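Have a look at the structure below before the remarks.
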Amino acid sequence: MAEQTNVEPSNSKPMTDKELEELLRKSEQNATYPEVKFDEFTVPTPEEWVAACNELLKGKPFDKLMYTKNYEGITFDPIYTLRKWKDILPTDDYPGMGDFLRGSTVNGYVHEPWGIAQACDLTEPQENNELLKFEISKGSTVYHVRVDSATLAGIDVKDAAKPGDKGVSLTTVEDMHTLLDGLDMENIPFMLYTGEASTRLLAMMVAALKGAGKKVEKLHGIVGADPIGELVKNGKTCESLDSLYDQMAAVIKWAAKNAPGLRTVLVRSTVFSLGGAESVQEIAYTYAVAVEYVRQMMKRGLDIHEISQAIAFEFNQGANFFMEIAKLRAARQIWANIMKEFGAEEADRASYVHGRPATFTKTVIDPYVNMLRNCTQSFSSVVGGVNTYENEPFDELIRKGDTFSRRIARNIHIMLQEEFGMQAPIDQAGGSWAVEALTKQITEKIWAKFQEVEAAGGAMGALKDGSIQKGIADVLAARLKNLELRKDRAVGVNMYPNMTEEPLDPRPENTEEVKKILVAAVEKYVSDIDAKNAEAKLAAVKAAAADALVDAEADAFAAGATIGQVAKAACKAAGDVTVEAIAEHHWTEKFEALRRDTEAYIAKTGKNVEVFLANMGPIPQHKARADFSTSFLQVGEFNVHLNNGFQDDEGKPGSRWEKAAAALKAGIDEAGTPYDCAVICSTDATYPEDVPGMAPLLKAANPTMKLFLAGAPAKDMKQTYLDAGIDDFISVSANCFEILKDLQKRKGMIE
C-alpha cells in the first residue's frame with residue numbers, strides 16, 4: 001500500500017473533488033509500495049484446488065459442472081487466481097479520473113451517497129404530491145415523478161384511454177402546480193422521464209415554478225427525453241426525428257442558460273432490457289443510441305461539453321450479480337473512451353448513471369421473491385457505482401406499490417447506506433480477481449457489439465435493418481427455452497412452487513371514476529381562463545422556432561392551454577420513420593400464463609389435473625424422485641396425490657405392482673374419478689425390474705392416462721421402458737413447460 005496521506009485533517013474543511021484529485025496525482029508520483037509477504041501461508045496451486053473439487057464432485061466431470069457460460073458469451077471460471085489475472089488489475093487507476101473504471105467521482109459515495117430516487121406514480125396530482133413528500137420524509141433523496149402514457153404522448157385526460165396507467169396524469173399547468181406544490185426544488189434533485197421530447201413537460205414545469213414565484217435556475221436533476229427509445233418501444237414517433245432532434249438541441253441550450261444543473265437527455269436501456277437483451281446488448285445498443293444523439297447535436301452546433309453535461313443514462317440491473325457489477329464498471333470505461341474520441345476533456349467523459357432493477361426478471365407468481373431479487377440487484381448496482389437508483393416495489397408487475405411494498409423497496413437503499421456501510425469503500429469491487437476479469441471480458445464484448453452496430457450504420461441503421469431486434473429476440477428465445485428446461489430457475493415459478501400462495505389483490509383503479517374527477521378539474525380550470533390570450537399563445541407556439549419553443553410553450557401553459565393543445569401546436573412534422581418495435585416481456589410470462597389456464601379451469605369446472613405417484617418401496621427408496629416429480633408437476637398447479645410407497649407382502653414378490661395398480665384404478669375419490677397421469681418413482685437400480693412388471697398393470701388400470709417414469713432412463717433401457725408403456729420421462733433434462741402444457745390439453749383446459 002502507498003504511504004498514508006492525511007487527506008482531510010480534522011481541523012480543516014473537506015477537500016473538493018478537484019483538490020483531492022490533484023493530491024492523489026501528486027501522491028502517486030511520490031508513492032512507494034512496500035512488498036507484502038505472505039510467508040506464513042501456503043498458497044495452494046490451481047491444481048490443488050481442482051483436486052479438492054474433484055474429491056467433492058465424486059467422479060462427476062469438473063469441466064462440465066464447474067464452468068458456467070452465460071448469455072453474454074462469457075464463461076465463469078470456477079477459480080480466479082492472482083497468477084492468472086494480475087496483469088489486468090487497475091494498479092494505476094483512480095476513481096473520478098482517467099477512463100472512470102473505478103467510479104465517476106473521486107470520493108465514491110463517501111461525501112455523497114447515491115441518490116435514492118423512488119418513483120412516485122399515483123394518478124392524481126395531489127396524491128402524487130403527497131407521496132413525493134412522504135418518500136423524502138422516509139429517506140428518499142430525489143423527487144422522482146413518473147407520468148402516465150397519455151401525458152407522455154401529449155394527450156389531454158379527457159381523450160386518454162386509461163389515465164394513470166403508468167403514473168400521474170398532467171393536463172394543465174394547474175396539475176403541475178399541484179404536483180410540485182411545497183417541494184424543495186432548490187435543494188432536492190428532480191427526476192422525470194419525458195418520452196420523445198423534454199420540451200413540453202419542461203415548459204409546463206417552468207410555467208408552474210414561475211407562477212409559484214420559484215427560481216427556475218435552481219432546478220436540477222434530470223428532465224430527460226429519449227426519442228429513439230420511444231421509437232423502438234412503439235415502432236414510430238409522433239413527431240419526426242429531425243424535429244425531435246431540433247428540440248433536443250434547443251432544450252440543451254435552454255437548460256445551459258436557465259437551469260445549468262439540469263440534464264435533459266435520458267438514454268434508457270429499458271426497452272432493450274424488457275425485450276430480453278443480455279448485458280452486452282443492453283450497453284452496446286444504449287450507447288449506439290447515445291452516439292446518434294451526440295452526432296445529431298453536434299450537427300446542430302452544440303459542442304461536446306454542452307452535450308456531455310446534458311446526457312444521463314438509465315441501466316437495468318439483471319440477476320447475474322457479478323456480471324452486473326462488471327457491466328457498470330465496463331460501461332463507464334467505454335463511454336469515457338467514446339467521449340474522448342469526440343474530443344471531450346477528461347471531466348466531460350464521466351457518465352451519469354441512473355439504475356433500476358430489471359423488470360424483466362420479476363415474477364407475478366410468488367411475488368415476494370421479488371424482494372430478494374431486488375436486494376441483489378440493488379447491491380450490484382451500488383457496488384457497480386450508480387449515481388442514482390430506484391428500487392421498484394416487489395409487486396410492480398401486479399399493481400402500483402402500496403405503503404408496505406414501497407417501504408420495503410426504499411429501505412433496501414437505507415440498509416445498504418446505514419447498516420451495511422456501503423458509503424465508505426470507494427470502488428468496492430476494485431482488485432477482485434473475478435470482477436476485474438469479468439470487467440475486462442465484458443468490456444471487450446460490449447465494444448465489439450458497439451462496433452458491429454456502427455458498421456450497420458449506427459443505431460438507426462441497425463434498427464431499420466432489424467439486426468438489433470433480431471439479436472434481442474434470439475436471446476429472449478434462449479432465455480424462455482432455458483426456463484422451459486429449467487436450466488434457468490425462477491424460484492416459485494418453474495422451481496419450488498408455493499401451492500399455498502394467495503395471489504395479491506391487483507387493486508384495479510376505477511378508471512372511469514378517476515377520469516371523471518380529473519376531467520372535471522381540468523374543465524373547471526379552463527373555464528376561468530382568457531381563451532383569446534390562450535389562443536394567441538398557442539399561435540406563438542406554432543410559429544416558434546425550436547430555440548424558442550420552451551419559453552413559448554411555457555407561456556401557453558401559463559395562459560391556460562392544455563397539454564394536448566400545446567402538443568398539437570408544437571408539432572412541426574409527423575413521425576416519418578418506422579421500425580420493428582421491441583415488445584415488453586418478463587422471463588416467466590409463459591409459466592404464469594400456464595398457471596392462469598389451470599386456475600381458470602378450476603374456477604369454471606372445479607376440476608384439475610390429478611396426478612398419481614406410483615412410489616415403489618420404502619420412503620428412502622422413492623422419496624428423492626417423488627419429491628422431484630411433485631415439484632415438477634406442481635409448477636402447473638396440478639393436484640399431486642402423495643403416498644408412502646407400495647411394498648411387497650411377505651412371500652409375495654411383485655405384489656407392490658398390484659397394489660399400486662389397484663390404488664390407481666380406485667381413482668381419486670369414492671366415486672372413482674380417474675387420475676389423469678401417473679409417475680413411477682424409485683431408483684435406477686430397481687427400474688429394470690419394476691417398470692416392465694408394473695407399467696402394463698398401471699396402463700390396464702387406466703388406459704387413457706399418461707404414464708411417466710421419474711428420472712432419465714439409461715440409454716440401453718429406454719426402449720424397454722417405452723415398450724412397457726411409459727409415455728415420457730420426468731427428469732432434470734425434461735421440458736417442464738411442454739409436459740405441463742400437454743397435460744392441460746389432455747384434460748381439456750386448453751385447446
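The values are calculated or read from the model by the stated rules, or taken from the named source; none is laboratory data. Computed from a predicted structure; not experimentally measured. Backbone-built Cβ (ideal geometry, glycine too); neighbour counts: all protein chains shown. Only protein heavy atoms, including side chains, enter the accessible area calculation; ligands, DNA and RNA are left aside. Shrake-Rupley method; radii C 1.70, N 1.55, O 1.52, S 1.80 Å.
Quick notes on this one:
- When residue 542 is tested against (1) over 25 Å from residue 681 (Cα atoms); (2) touching a strand residue (DSSP E or B) at 6+ places or on another chain (Cβ under 7 Å), exactly one condition is not met: (2).
- Pairs linking a residue in region 374-396 that is of a type in the set (Val, Ile, Thr) to a residue that is buried (at least 24 other Cβ atoms within 10 Å of the Cβ) and assigned to a helix (DSSP H, G or I), with Cβ atoms under 6 Å and 6 or more positions apart or on different chains, are 382/416; 383/325.
- Residue that is least open to solvent (accessible area, probe 1.4 Å) [pool: residues in region 139-182 that are without any contact (Cβ under 8 Å) to a residue 40 or more places away in the chain and out of contact with any Asp or Glu (no Cβ under 6 Å at 6 or more places or on another chain)]: 150
- Identity of the residue in region 594-607, part of a helix (DSSP H, G or I) and surrounded by fewer than 12 Cβ atoms within 10 Å (Cβ to Cβ), that ends up nearest to the chain's Cα centre (by Cα): 603
- Test: residue in region 101-123 that is under 12 Å from residue 518 (Cβ atoms), open to solvent by less than 50 Å² (accessible area, probe 1.4 Å) and in a helix (DSSP H, G or I): no
- Note on region 183-209: among residues that are surrounded by 19 or more Cβ atoms within 10 Å (Cβ to Cβ) and among the polar types (S, T, N, Q), the one that is farthest from residue 120 (Cα to Cα) is 199.
- Taking the criterion of being open to solvent by 10 Å² or more (accessible area, probe 1.4 Å), closer than 20 Å to residue 599 by Cβ and in contact with a Gly (Cβ under 8 Å, 6 or more places away or on another chain), the residues of region 353-367 that qualify are 365, 366.
- Scanning region 260-277 for residues that are over 30 Å from residue 580 (Cβ atoms) and surrounded by fewer than 22 Cβ atoms within 10 Å (Cβ to Cβ) yields 260, 261.
- Of 101, 122, 170, all but one fail to be aliphatic (A, V, I, L, M) and over 19 Å from residue 204 (Cβ atoms); the exception is 101.
- Any hit, region 583-606, residues being more than 29 Å from residue 362 (Cβ to Cβ), of a type in the set (Ser, Thr, Tyr) and touching a residue at least 24 places away in the same chain (Cβ under 8 Å): no
- Positions within region 627-644 being at pLDDT 95 or above and of a type outside the set (S, T, N, Q), in sequence order: 627, 628, 632, 633, 635, 636, 637, 638, 640, 641
- Any hit, region 476-496, residues being of a type in the set (Val, Ile, Thr) and either surrounded by fewer than 19 Cβ atoms within 10 Å (Cβ to Cβ) or within 27 Å of residue 402 (Cα to Cα) (or both): yes
- Identification of helices (runs of 4 or more DSSP H) wholly contained in region 240-355 with 2 or more residues that are touching a Leu at 6+ places or on another chain (Cβ under 8 Å) and at pLDDT 95 or above yields 241-258, 321-341.
- Test for residue 40: is it open to solvent by 40 Å² or more (accessible area, probe 1.4 Å), assigned to a loop (DSSP other than H, G, I, E, B) and at pLDDT below 85: yes
- Residue 587 satisfies every condition listed in (1) farther than 21 Å from residue 210 by Cβ; (2) in a helix (DSSP H, G or I) except (2).
- The helices (runs of 4 or more DSSP H) found wholly in region 385-474 and carrying at least 1 residues that are among the polar types (S, T, N, Q) and buried (at least 20 other Cβ atoms within 10 Å of the Cβ) occupy 403-414, 433-455.
- Pick from region 388-443, criterion within 17 Å of the chain's Cα centre (by Cα) and aliphatic (A, V, I, L, M), ranking: farthest from residue 189 (Cα to Cα): 398
- Scanning region 268-317 for residues that are within 19 Å of residue 196 (Cα to Cα) and acidic (Asp, Glu) gives 292, 314.
- Contacts under 7 angstrom Cβ, first residue in region 57-73 being at pLDDT below 90, partner in a loop (DSSP other than H, G, I, E, B) and among the charged types (D, E, K, R), 6 or more apart: none
- Residue ranges of helices (runs of 4 or more DSSP H) in region 608-708 with at least 2 members more than 48 Å from the chain's Cα centre (by Cα): 655-666, 687-701
- Any hit, region 520-527, residues being farther than 21 Å from residue 209 by Cβ and among the polar types (S, T, N, Q): yes
- Take the conditions (1) open to solvent by 40 Å² or more (accessible area, probe 1.4 Å); (2) within 30 Å of residue 169 (Cβ to Cβ); (3) out of contact with any Asp or Glu (no Cβ under 8 Å at 6 or more places or on another chain); residue 511 misses just one of them, which is (1).
- Total residues in region 715-751, condition open to solvent by 50 Å² or more (accessible area, probe 1.4 Å), free of Cβ contacts under 8 Å to residues at least 40 places away in the same chain and among the aliphatic types (A, V, I, L, M): 1
- Single unsatisfied condition, residue 667 versus (1) in contact with a Pro (Cβ under 6 Å, 6 or more places away or on another chain); (2) over 24 Å from residue 696 (Cα atoms): (2)
- Residues in region 210-239 that are hydrophobic (A, V, I, L, M, F, W, C), surrounded by fewer than 22 Cβ atoms within 10 Å (Cβ to Cβ) and part of a helix (DSSP H, G or I): 1 in all.
- Pairing residues of region 425-436 that are touching a residue at least 12 places away in the same chain (Cβ under 8 Å) with residues that are of a type in the set (Phe, Trp, Tyr) and in a loop (DSSP other than H, G, I, E, B), at Cβ distances under 6 Å and at least 6 apart in sequence or on separate chains, gives 433/80; 434/80.
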